[in-house]
Amino acid sequence: MATRIGVDIGGTFTDLVYYDEETGRTVEGKVPTVPSSPDEGVVDAVRRCVPKEVIERAEFFLHGTTVGLNALLERRGAKVGLITTAGFRDVLEIRRGDRAEMYNLFWKQPEPLVPRHLRLEVDERIRADGGVHRPLDEASVRTAVAALMAEGVDSIAVCLINAYANPAHEERVAAIVRDLGFAGSMSLSHRISGEYREYERTSTTVIDAFVRARMSGYLKRLDARLRELGFRGTSLITRSGSGSMTFGEAEDRPFETIMSGPVAGAQGASEIARMLDIEAMVTADVGGTSFDTALILGGEPQILYEGVIDNMPIQTPWVDVRSIGSGGGSIAHIDVGGLMRVGPRSAGAAPGPACYGKGGTEPAMTDAAAFLGMLGPGRLASGITLDIGRAETAIAPVAAAIGQNVEATAIGILRIAASSMANAMREVSVEQGLDPRRMVLLPFGGAGPLMATLLADELGMTRIVVPPLAGNFSAWGLLGADMVQSAARTKIMDLDDAGLAAAGDVLADLFREVAARGDHAVPETVRSGRLDLRYKGQEHWLSIDVPVAGDRFALTAAEIGAAFAEEYRRSFDAVLPGVVEIVSIRASERAPLPRRGEIAAATAAPAGAEEAFDAYSFTGKARLRFRVVPRAAIGEVLDGPAIVTESTATLYLDAGWTASAGRHGELVLQRRGA
């Protein structure tokens, strides 16, 4: 075990959880996010919520942030120049020649991060087997670099054709760039991605160049501020593919942290699933500005090996988290057709929902919930007490526009928001052939427990598990993020004894590569390997986990082929004749953090006068008397309707549901009669 601090930045609140090794206590805190300077919110959370002596003895600070993601979505990054092989200048615009929204006549692809006049060609050519087809023309490189420097670019991305197979030309380009005096950052595609697919590799390299300076500056500032507070341990940030990496490693590979924020909740959900032996779980992380959902099968999140942000692909391991602009701050409005919509625009941290009394005047989802009584007395974290009158005033104009009263409009706002969230959950479950009715729902985030029974009703689910520290659960998930490094390389060959031996040589090289990246001493690591396989003649592949012994694969080619056939049958209900071929080799090295203790189950609250509150029941379709019960007071069974309060979240337990305390501090909700 080790004392550690986890901080997750949301659009509205910055959440903190720390585990104190000496006392075994897990403590949570929540402060408003500072959108203009996220690191200020982090430092404020640590200063307010963690005693100085705990900061000084903490061994790890673990962080989840959307700084890189927001830089991409808001197009606020470096001015990037791209150097590429002659003939490949327009790959970012040609893309795959398809449409992300096939039937949307008004769809437009996003503008590339690098405008055409900053995408320059050099004369060279490497073949797919690594052989040199045309030597590098160094004069063309000097011309391109001089032009980019004259344009004042902050960062240069270098992506030459087939550099994953032979990086010699890219390395020489990098040397020339520095020889000519360019002092900005530089991203070389073979260091970013060792995989084929020219468009995807170019996109990944450009994204890295675009966010590199912003991420590096943010991490340096945050680390310096933490040191000023007395922190002397290791600073870690979560990776898009789960696990964590040091701040220094993240500065060198910022593209791996694009989804740093949303994966923390999926990591925590995996731990809960293993703890409670839940085979299939779907998460519902409802924050202030967004809703994130992920599928947890067999205690593990689903990992992809290519992510997409704003229709731009990124070649890196990627937890399959689906996000939509729907959260507690999502604003209800009337569209051009006269229909009511909720989100994606959000009231955010400032001014926030109208009921917060911080200057917001537009109706947010939280305003609707407050007006309906779903938040009970309305005493929230950070000292916020909800103003129901302001909520009603904000909803009234929208109600008038659709010809409804305020209560009917508030009900509609919650129904629309729940429907949007449920559709995202169907994407990760139904669209993969899985039935959410047979899964467990894990709601968390500030508004996750509030929406839990509504979401379960939308999807026909009968069992919900509300985790401990639900409002700050993503920050709790950070505390278990082992340090992970991974790498991949494309090398296409038949899956036979000779091919597997060659793949083993590549695997050994990849393990050496990831070991060289670390800037920390790790006493013990766990290695794993995967092979991307397909039938010869196919375009797409399946990734198969293959046990590793030392730095070689531990199975024979025949055994791996059988595992591929089994996975192919599971995915497509068929097995094809023909030769199986290796596409890419993947290596991963995990350095487990010292295990922390479990969250102690809440102690029973002292007996006292129980509150009650009138609130709308979606099951009963009328306002009913809801008991207001502190979470710590729940014993064996609590019958709904009830509102369950805790420090950073409120659980809305509708009529027809029961709640009982679990053995690990969780609450288990069951639909009555299910």
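The numbers here are math on the coordinates, done by the rules we state, and not lab data. Because the structure is predicted, anything quoted here is derived from the model rather than measured. Positions of Cβ are backbone-derived with ideal geometry, glycine not excepted, and every protein chain shown enters the neighbour counts.
Looking at region 256-313, the strands (runs of 3 or more DSSP E) lying wholly inside it that each contain 1 or more residues that are of a type in the set (D, E, K, R) sit at 280-286, 291-297. Scanning region 519-574 for residues that are over 26 Å from the mean Cα position of the chain (by Cα), buried (at least 17 other Cβ atoms within 10 Å of the Cβ) and of a type in the set (Val, Ile, Thr) gives VAL548, ILE560. Scanning region 644-658 for residues that are free of Cβ contacts under 8 Å to residues at least 40 places away in the same chain and of a type in the set (A, V, I, L, M) yields a single hit, ALA655. Scanning region 606-623 for residues that are in contact with a strand residue (DSSP E or B) (Cβ under 6 Å, 6 or more places away or on another chain) and either touching a residue at least 40 places away in the same chain (Cβ under 8 Å) or surrounded by fewer than 17 Cβ atoms within 10 Å (Cβ to Cβ) (or both) yields GLU611, ALA612, PHE613, ASP614, ALA615, TYR616, ARG623.
Selection over region 6-64 of residues that are in a strand (DSSP E or B), among the acidic types (Asp, Glu) and within 25 Å of the chain's Cα centre (by Cα) gives a count of 3.
Screening the candidates PHE182, PHE231 for the property of being closer than 22 Å to GLU138 by Cα, touching a strand residue (DSSP E or B) at 6+ places or on another chain (Cβ under 8 Å) and not in a helix (DSSP H, G or I) yields one hit, PHE182. When region 623-638 is limited to residues that are assigned to a loop (DSSP other than H, G, I, E, B) and β-branched (Val, Ile, Thr), the one that is nearest to ARG379 (Cα to Cα) turns out to be ILE634. Of the residues making up region 315-342, those that are assigned to a strand (DSSP E or B) and under 19 Å from VAL428 (Cβ atoms) are TRP318, VAL319, VAL321, ARG322, SER323, ILE324. So is ALA71 touching a strand residue (DSSP E or B) at 6+ places or on another chain (Cβ under 7 Å) and of a type in the set (A, V, I, L, M, F, W, C) or not? In short, no. Within region 65-99, being in contact (Cβ under 8 Å) with a residue 24 or more places away in the chain, in a loop (DSSP other than H, G, I, E, B), under 26 Å from the mean Cα position of the chain (by Cα) and closer than 23 Å to PRO110 by Cα holds for THR66, ARG75, ARG76, GLY77, ALA78, LYS79, ARG95, ARG96.
When SER486, SER474 are checked against the criterion of being within 23 Å of the chain's Cα centre (by Cα) and under 30 Å from ALA369 (Cβ atoms), SER474 stands alone in meeting it.
Residues in region 424-438 that are of a type in the set (S, T, N, Q) and either touching a Ser or Thr at 6+ places or on another chain (Cβ under 6 Å) or surrounded by fewer than 16 Cβ atoms within 10 Å (Cβ to Cβ) (or both): GLN432 alone. Quick check on region 46-104: of everything there that is among the hydroxyl-bearing types (Ser, Thr, Tyr) and out of contact with any His (no Cβ under 9 Å at 6 or more places or on another chain), which residue is farthest from ASP310 (Cα to Cα)? Among those residues, the one meeting the criterion is THR84.
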